[in-house]
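The values are calculated or read from the model by the stated rules, or taken from the named source; none is laboratory data. None of these values were measured; they are calculated from a predicted model. Note that each Cβ is placed from the backbone with ideal geometry, even for glycine, and that neighbours are counted across all protein chains shown.
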Amino acid sequence: MTDIQDIIDYYVNLIIIQYNNKPKARETVDALVSSALANGITLDVANGFNIDTAVGVQLDILGKYIGIDRFFLSDLLTDDYFGFEDATNIGGVSDNIVGFDDAVTPDKVGLFLDAENIIADTLSLNDATYRTLLKLKIIQNHSNHSFESIADGIYDFFDDDIIVKDNYDMTMTYLIGNASINLVKAALEKEVFPRPIGVRLQAINGKNFFGMVDAANLFVPDYLIGFNNATDGLIKDGRFLNTNNDIIQ
């Protein structure tokens, strides 16, 4: 980011030698350059649309150019809605589903589910989460969709906060550290995770999962940790990966 004072100092120091040490001459040039730069307003406008510093409406404008907005759908149902169950369902009925009334369970209060219950203006990503989605979309827009191109783009933007893994079976895995569930769901919904054509992907919310490698494997993935030992001296903080809480497809 350019500092306006650096620009002013540059022009002040261009004064010819016989006036270079004259305070009034230096102050005059300072005032003229400050006026010409409008106290840095033009620089503020340019910097206002920096993907790393833009906020609010600035991010929304960037999103129009990049091709993605901050609104998303939600399937998180907090009320009781009317629904059916078939005779073969032995796993139980969702807690959010109610059916017809009978003498045993009176006073059913289920609602009919419609789009207004799922889609709302309040379902929008905050600036930090939306910024991450914009960066993913930028990578997708500029990638040639090879795994190398995708991995390089992810690393350039996110360093080790997001790890992308090629599973060598026509699938890819994104491991997203310290991510909100809304970020992962919105990224999947809007299909902004870059991937080669025909490759299926999954996203895992979090990193540092418990895992082991065999003696012949000389490379241990960054997101795996194993047992502690007496010479390590560190506290292992990995958790067990499970499909219910971590994997979102």
* Structure fact -> Only unsatisfied item for residue 63, checking (1) surrounded by 11 or more Cβ atoms within 10 Å (Cβ to Cβ); (2) closer than 30 Å to residue 191 by Cβ; (3) modelled with pLDDT under 90, is (3)
* Structure fact -> The correct count of residues that are in a loop (DSSP other than H, G, I, E, B) and surrounded by 11 or more Cβ atoms within 10 Å (Cβ to Cβ) in segment 1-49 is 7
